[in-house]
Each structure stands twice: as C-alpha cells, then as structure tokens.
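Below is one structure, written out as structure tokens; comments come after it.
Read-outs: derived from the displayed coordinates by stated rules, not from any lab. All values derive from a computational prediction rather than experimental measurement. FYI the Cβ positions are ideal-geometry reconstructions off the backbone, even for glycines, and counts take in every protein chain you see.
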Amino acid sequence: MRGDGNHSAARAVAFAVLWVLPIFFLAASALLSSRILHERSLVSRTRDSLGGGENLLYQVSRHPAFAFGFRNFLGDLAWLGAVQVAGSRKMTPGDYDRLYILIKTVGNFDPRFVVPYLMGGIILGDSPGYARKALDILNRGVKSHPADWRFPFYIGYTQYFSLGDPLEGAKALEEAARLPESPPYLPLLAARMFAEGRAPETALAFLERMVREETDPARLKVLNRRIREVIVERDIQSLETAVAAYRERMGTPPSMLSDLVLAGLIRTIPEEPNGGRYVLSPDGTVRSNRVTSRLKVFRKR
C-alpha cells in the first residue's frame, strides 16, 4: 500500500511537471506580454497627446491645485521630459510640439524656474516655424522674471533672426538694455537693428539718450562712433530715396549727387560725419568713402 501511495505521488509530481508548470509559465508569459503591449500603447498615446496639448500632466498643470502638494515633483517630471526631447540630434515637428507643451507644463507648475523658459525659447526660436511659440514661452518668462534682461534679449533675437523683423527685434533689445546687469553691447546691437529696420532716427534718439546717461569714457567713445555710423546709414537711405525719385521723374539716373539738389529733391548734400563724403555709384546706390560697409546685423546662414 505504501508503495502504491509513493507511486501515485510520483505520478502527480510528474503530471505537474509535464503539464501544470508549462501551462502556468505560458499564462504568465501571456500576461507579461499583454502588460508590455499595454504600457507601450500608453506611452504612444502620451506622446501623441503631448503634441496636441491634451495630456494629463499638462491638464493638471493648468489647475495646479489638483497636484495636491506635488507641484515641484510634477514640474521636475515635465522638465526631465523636455530635456530628453531637446536632446534629440534632429528634432521633428512632433518634437518641437512636445517641447512646447512640456515647457508650458513646467512653467505652470513652477513659474519661478528660469532655465526652462530660456531653453525652450532658444530651441523653439531657432526654427522659424516655431518662432511664435518661442515668443510665447519667452513672454511667459518675462511675466515671471520682469527684471531678467535675457528674456527681452532672446525675444529680440527671435524677432530678428527667425521672423526677419529688425524693428521688433530692436525694440526688444532696447528694453533689455534698460534692465539691471544687462551687457553694455545691447544698445549698440539695438541701434544696428533700428538702422537696418529703416528707422535710423529711432536708433539715433536711443543712442543719444544712452550717451547722456553714460559716464564711462571707453563706452562713450564706442557710442559716439556708433552714432556716426547711424548718421551715415540715415543719410544714405535718404539719398537713395532721392535717387529713386530722380530716376522716376527724369527717366534716367542722376550722374552725381548734386543733380538731386538742382532737381529740388534735397536741399543740400549732407555732411559725412567722419570727415569724408558721399559718393554715387553707377548702379544708383550711395556710399561713404570713409565707411566700408553699411550698418547691418549679420544674419545667420
């Protein structure tokens, strides 16, 4: 009897080994595979929703009270996601969309966190198609950090290089130059943008105000030199406008600048502020014989 009992137990063990265990492992494998597929589906949906701005984290950030004391944690979570997206070697439109939403999410949770505004603004602003979103991020930074000159500076950068608007870029740089701890070159760069934006009188007014407030002799020397450069640009623009009017009226271009005076288009040829003179080129353009190049901000290629 004992032998039969042992034999029955052995058969039960053998049955478990041959049938029950494989079925158990197969079921566990199927459950694990299902779980992995589910997680991948969630990740995929989360990525898609980030691009559309409908993800849960962003929605919670719009109502931070629902974070229940985890605002900093959730903000850090969104920031890590933004860093990961921004680290892509070649960003796609979807990456830019996700970065925009993630930076907004960080700002909603922690508006005093400076770095995300700057990173988001710079990276988004480097793509002309996302320049408006970059400006949105940077303006959010301005609201949270009104005394930080970097925000209007990068707004000016985006306006000029991405949107091709030197006047708006110059206005932003002018605002940045008024803020504490802003670098001394900002007024000069703003003046160059004003001049290229065909508003040299505005550039001159700005520079002359800076000269009145400046006490450092070295910076005064630079500012006064820049004033002379802006005067040259103003005079050249005015003379070239008169040349175009002369051509339209007479049917031929003037042979010399004095023809503009004789035609009553200008009262007198302006004095070149560097001690030189203005010269009319055969193609109708005007230049100074003391200045080698026109006053422009060099664009990115």
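Here are a few things to note about the model shown:
- Projecting the alpha carbon convex hull of the range 112-267 along each direction and taking the average yields 11.8 nm².
- Net charge of Cβ neighbours under 11 Å - reference Q237; Lys, Arg +1; Asp, Glu -1: -2
- Sorted ascending by nearby beta carbons within 10 Å, beginning with the fewest, R140, R209 become R209, R140.
- Taking all pairs of distinct alpha-carbon atoms in the range 82-134, Kirkwood radius in angstrom: 10.9 Å
- Placing R0 at 45 angstrom, the Cβ-Cβ distance between V211 and N72 gives a FRET efficiency of 0.45 after rounding to 0.05.
- Extension gain (nm, one decimal) between E181 and S258, 0.36 nm per residue minus Cα-Cα: 22.9 nm
- 26 Å Cα-Cα threshold exceeded, pairs from K90/K143; K171/K221; K104/K296; K143/K221: K90/K143; K104/K296; K143/K221
- Surrounding net charge for E214, when Lys and Arg each add one and Asp and Glu each subtract one, Cβ distance under 12 Å: +2
- Remark: the range 58-182 is approximated by an ellipsoid whose semi-axes, taken from the C-alpha gyration tensor as √(5λ), come to 25, 18, 10 Å, largest first.
- Between the range 236-275 and the range 94-125, the Cα center-to-center distance that results, in Å: 51 Å
- P(r) histogram, all alpha-carbon pairs of the range 184-301 included - 5 Å bins from 0, percent: 2, 11, 20, 19, 17, 13, 8, 5, 2, 1, 0
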